[in-house]
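Everything below concerns the one structure shown next.
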There are 2 protein chains.
Amino acid sequence: MTNTLAFAALADPTRRAIFERLAVGPRAVGELADGMPVSRPAVSQHLKVLKEAGLVTDRPEGARRVYQIDPAGLGQIRAWLDRFWNTALESFKAEVEREENA
Amino acid sequence: MTNTLAFAALADPTRRAIFERLAVGPRAVGELADGMPVSRPAVSQHLKVLKEAGLVTDRPEGARRVYQIDPAGLGQIRAWLDRFWNTALESFKAEVEREENA
DNA sequence: CTAATGTGTTAGTCATGACTTACTGTAAGT
DNA sequence: ACTTACAGTAAGTCATGACTAACACATTAG
């Protein structure tokens, strides 16, 4: 399941911090690393994970490499969560009603 | 951030399998362990993680212990993802328009 | 062509996590 | 009270992951 990769990617706080920066707009690796508590190679590795999870895309721009959020990947786990949310909530309501008739 | 716990919890395939079973309705530990490829103690440990992440609640029922999905926990990360989805999509559209005028 | 900038990769360390087996604790049945 | 069923805990193993430092590669500037 590709959901495993996406959730695992978002489970790391450093990666979520990078991801949130990318939500503002496309950024190069060096820009992202500046002001972060970890080294630039660490950021590069995190971006690789996010890319393999389908959450970001990258494109070369001169000597730099610009990363950008991929709405498709984000939408996928959002869809999973939504589907899940419905069945879980339905089951939850049914359980509450069952308790009320006890 | 409690989001870290929730995402980390859902990142594990075994835990998602347990979680999906709970989406159908409340279950005891033994019921969940039956038909799963891992041992009962493993399931018990996974449930502990899900509980600490705020994704499930547990209540004693005689000698057994029944676990149930907590809609609040699920709703929290859903809200996070939704907020994120909006800003990311907005930034994405802006970027596309920027490219069209180039 | 050479130097400088920006980035990915490799190797190695340290911590964390998923799992099993064995044990402990608790509630119900006889 | 003793036994049986159900579940959490402890200890130990094995794999994975986050990080840094050092290196290799590509692109632009001079």
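The values are calculated or read from the model by the stated rules, or taken from the named source; none is laboratory data. Just so you know, these numbers come straight off a predicted model, no measurement behind them. Note that each Cβ is placed from the backbone with ideal geometry, even for glycine, and that neighbours are counted across all protein chains shown. What goes into the accessible areas is simple: the full protein's heavy atoms, side chains included, and nothing from ligands, DNA or RNA. Shrake-Rupley method; radii C 1.70, N 1.55, O 1.52, S 1.80 Å.
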Is it fair to say residue A:98 is surrounded by 11 or more Cβ atoms within 10 Å (Cβ to Cβ), basic (Lys, Arg), at pLDDT 90 or above and not in a loop (DSSP other than H, G, I, E, B)?
no
Where residue A:49 falls short, out of the listed (1) within 9 Å of chain B (Cβ to nearest Cβ); (2) surrounded by fewer than 18 Cβ atoms within 10 Å (Cβ to Cβ)
(1)
Specify the residue that is nearest to residue A:3 (Cα to Cα); the eligible residues are those in the stretch A:34-78 that are within 15 Å of DNA strand C (Cβ to nearest atom) and among the polar types (S, T, N, Q).
A:57
Residues of the stretch B:73-102 satisfying the condition of being touching a strand residue (DSSP E or B) at 6+ places or on another chain (Cβ under 9 Å) and of a type in the set (D, E, K, R)
B:95
Pairing a residue in the stretch B:1-24 that is farther than 16 Å from residue B:37 by Cβ with any residue that is of a type in the set (S, T, N, Q) and open to solvent by 30 Å² or more (accessible area, probe 1.4 Å), where Cβ atoms lie under 8 Å and the two sit 6 or more apart in sequence or on different chains, gives B:2/B:76; B:3/B:76; B:6/B:76; B:11/A:4; B:23/A:87; B:24/A:87
How many residues, within the stretch A:74-83, are at the interface with chain B (Cβ under 10 Å from one of its Cβ atoms) and in contact (Cβ under 8 Å) with a residue 40 or more places away in the chain?
2
Identify, please: which residue in the stretch B:54-72 is out of contact with any strand residue (DSSP E or B) (no Cβ under 6 Å at 6 or more places or on another chain) and open to solvent by 10 Å² or more (accessible area, probe 1.4 Å) and is, among those, nearest to the other protein chains (Cβ to nearest Cβ)?
B:71
Of the residues in the stretch B:24-34 that are out of contact with any Phe, Trp or Tyr (no Cβ under 9 Å at 6 or more places or on another chain) and within 13 Å of DNA strand D (Cβ to nearest atom), the one that is least open to solvent (accessible area, probe 1.4 Å) is B:33
Any chance the stretch A:3-13 includes a residue that's open to solvent by 10 Å² or more (accessible area, probe 1.4 Å), near DNA strand C (Cβ under 9 Å from one of its atoms) and more than 7 Å from every other protein chain (Cβ to nearest Cβ)?
no
Which of (1) within 14 Å of another protein chain (Cβ to nearest Cβ); (2) open to solvent by less than 20 Å² (accessible area, probe 1.4 Å) does residue A:86 not meet, given it meets every other one?
(2)
Taking the stated definitions as given, is residue A:21 within 14 Å of another protein chain (Cβ to nearest Cβ), open to solvent by 40 Å² or more (accessible area, probe 1.4 Å) and either more than 11 Å from DNA strand C (Cβ to nearest atom) or out of contact with any Ser or Thr (no Cβ under 8 Å at 6 or more places or on another chain) (or both)?
yes
